[in-house]
């Protein structure tokens, strides 16, 4: 075996299920995250899918609960906009209808307040945009945080 490379430990389906239960109990997880973890444990697709089904039945794994916690957490803690949250959830293979429901939990008033807060923090740091270059830099920053262009333009043009 090459130096520096460790061989991954493989688990029996029963051992892997116990580890997956602990993994899900620690924090909400997407099904894809659990699936990837089970594959890392050396399980085959059939065993992994069987364990995922068990975890769902036993309520260790709930995609709706995960999506809601993820969306609200990224919004409130990281200051992400809905576009960035939606992309991240799609990357985790969360179904579109669940993403829509999770994003619906973010109240529009709270969403706009968060955008205002981010804008005022950025202006305090960089100073009031004095020219078109500085304003476009602010707009690009807000877009990179995942906020919608129409909302950004409405908030920055006042």
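The values are calculated or read from the model by the stated rules, or taken from the named source; none is laboratory data. In this text, all values refer to a predicted model and were calculated from it rather than measured experimentally. Cβ sites come from the backbone with ideal geometry, for glycine too, and all protein chains shown count toward neighbours.
Some notes on this structure:
- Condition met for residue 106 (in a loop (DSSP other than H, G, I, E, B) and closer than 20 Å to residue 28 by Cβ): yes
- Apart from one condition, residue 75 fits all of (1) without any contact (Cβ under 8 Å) to a residue 40 or more places away in the chain; (2) within 22 Å of the chain's Cα centre (by Cα); (3) surrounded by fewer than 19 Cβ atoms within 10 Å (Cβ to Cβ); (4) more than 29 Å from residue 12 (Cα to Cα); the exception is (3).
- One residue alone among 117, 128, 96 is free of Cβ contacts under 8 Å to residues at least 40 places away in the same chain, under 25 Å from residue 28 (Cβ atoms), outside the structural domain of residue 32 (by TED's automatic domain parsing) and loosely packed, with under 14 Cβ neighbours inside 10 Å, and that residue is 96.
- Hits in segment 120-148 (condition: in a helix (DSSP H, G or I), at pLDDT 95 or above and closer than 26 Å to residue 69 by Cα): 141, 142, 143, 144
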